[in-house]
1. Looking at the structure I just gave you, is Ala95 over 18 Å from His29 (Cβ atoms) and open to solvent by 60 Å² or more (accessible area, probe 1.4 Å)?
2. Limited to the stretch 28-79, what total is found for residues that are hydroxyl-bearing (Ser, Thr, Tyr) and either under 9 Å from the mean Cα position of the chain (by Cα) or open to solvent by 40 Å² or more (accessible area, probe 1.4 Å) (or both)?
3. Being over 22 Å from Trp23 (Cα atoms), of a type in the set (D, E, K, R) and either at pLDDT below 95 or in contact with a Leu (Cβ under 6 Å, 6 or more places away or on another chain) (or both) is the requirement here; does Glu124 meet it?
4. As an exercise: evaluate Tyr128 against (1) under 24 Å from Glu97 (Cβ atoms); (2) touching a Cys at 6+ places or on another chain (Cβ under 9 Å) and give the number of the one condition it does not meet.
5. Within the stretch 138-157, work out how many residues are assigned to a strand (DSSP E or B), farther than 12 Å from Gly111 by Cα, of a type outside the set (Phe, Trp, Tyr) and open to solvent by 40 Å² or more (accessible area, probe 1.4 Å).
6. If we keep just the residues of the stretch 6-33 that are assigned to a helix (DSSP H, G or I) and charged (D, E, K, R), which is nearest to Thr146 (Cα to Cα)?
7. Hey, can you tell me all the residues within the stretch 118-137 that are out of contact with any strand residue (DSSP E or B) (no Cβ under 9 Å at 6 or more places or on another chain) and open to solvent by 60 Å² or more (accessible area, probe 1.4 Å)?
8. Can you go through Ser115, Ser85 and tell me which one is out of contact with any helix residue (DSSP H, G or I) (no Cβ under 9 Å at 6 or more places or on another chain) and either at pLDDT below 95 or open to solvent by 70 Å² or more (accessible area, probe 1.4 Å) (or both)?
Amino acid sequence: MDEVRLHLSVRDLTEADLPSCGWAGSPKHVRELVHQIRRAEAGEVDYLAVCTPVGLPVAVGGVDYTAVPGAGTLWQLGVHPALQSCGIGTLLIRAAEQRITARGLTTAELGVEESNPRARALYERLGYRPFGHAPDSWDVEDEDGTLRRYETVCTLMRKSLA
């Protein structure tokens, strides 16, 4: 069997990356990443990009340090659909956990949609354990530009990084 190896690096997401991030969500979501980059510049979050050698993001995700006191909250994690199940999500999460511990924090939290058992299985494999459930919602932009409210229920998960 042939094998393809990608040499990937993890760095902060930049505005220059956004045109290459259409796979990460709706156009509205990608436009709003500018706000997350500003929050990163202010130290409120880290917003990471896993990139190929030419600098193209193939995974993105954030760590919010303001959502839960004393913890880093992972959110908006995504891997390019063509590259899922290749270990890139694990690389992204490990890098996020390193950012959390670099700030002197010992707890990582996240919410995973109950309709996403593949993601939950990944988080459990990486040591995250459920501790509750919570509703969540956000605006999604349809292809015609119409905004609609997406509502879901998430399983809340936590991992000790100590």
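The values are calculated or read from the model by the stated rules, or taken from the named source; none is laboratory data. On a predicted model such as this, the values are computed, not experimentally measured, just so you know. Cβ atoms come from the backbone with ideal geometry, glycine included; neighbour counts cover every protein chain shown. Remember, those area values only see protein heavy atoms, side chains included, never the ligands or the DNA or RNA. Shrake-Rupley method; radii C 1.70, N 1.55, O 1.52, S 1.80 Å.
1. When the stated conditions are applied, Ala95 does not pass them.
2. Of the residues in that region, 2 qualify.
3. no
4. (2)
5. In the first step, residues of the stretch 138-157 are kept if they are assigned to a strand (DSSP E or B); the result is 138-141, 147-157.
Now restrict to residues that are farther than 12 Å from Gly111 by Cα: 138-141, 147-151.
Narrowing the set further to residues that are of a type outside the set (Phe, Trp, Tyr) leaves 139-141, 147-149, 151.
From what is left, the residues that are open to solvent by 40 Å² or more (accessible area, probe 1.4 Å) are 139, 147-149, 151.
Selection size over the stretch 138-157: 5.
6. So the residue we want is Lys28.
7. Arg118, Arg125, listed by residue number.
8. Ser115
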